Ligand code: FES
């Protein structure tokens, strides 16, 4: 009886004790499950964060670039340079005559005063649309449908305009831009060529993609 009672007690005790053991085990299992769940969440979150983070290649594609203009001669264009954010860059060196003409021949232009603030930084709101009157920096994409305009820097009659004053002509649908990248009236392109953010690191080294005054 007593054995049985003990046994029973043990049995009974086992049944009394068992829930305690089970409870601990349950807590362990709950904890383990939570921990596994937590790992699962972290494990699931890492790929998400990784896919959300821009890749090194993407970061590099948006990074500033430096362009050496030491070999650029007056009247010439350097470019197109397919470098900054996949956009071609045009850099031209204007002579004094070209700079002067940009202040005079404005009647034929659609936006001579760079009123569309989207198309240039504040420091390029002037007749040259540039930091230095003689050096122009533009994105070489026609604002109509994205063709690459051709550079015709000389004042010289052209097949598409016998009174050409220098600038760019887009062969796709005939839009013209002056030597400040300003679009003429009455052509398909709605806006001036875009001016990227840039700064002069030295007189002959331009950093595209960083703001800064000359
Ligand atoms: S893309 Fe340049 S005029 Fe149409």
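Worth a mention:
- Once the convex hull of all Cα atoms in the stretch 129-211 is built, its volume per residue stands at 96 Å³.
- Cα-based Kirkwood hydrodynamic radius, the stretch 98-159, one decimal, Å: 13.2
- Of 92, 139, 69, the sequence from fewest to most neighbouring Cβ atoms within 10 angstrom is 69, 139, 92.
- Taken along its principal axes, the alpha carbon cloud of the stretch 63-208 reaches lengths of 38, 31, 26 Å, longest axis first.
Bear in mind that the values in this text are calculations on the coordinates, not laboratory data. Computed from a predicted model, the values in this text were never measured in an experiment. Backbone-built Cβ (ideal geometry, glycine too); neighbour counts: all protein chains shown.
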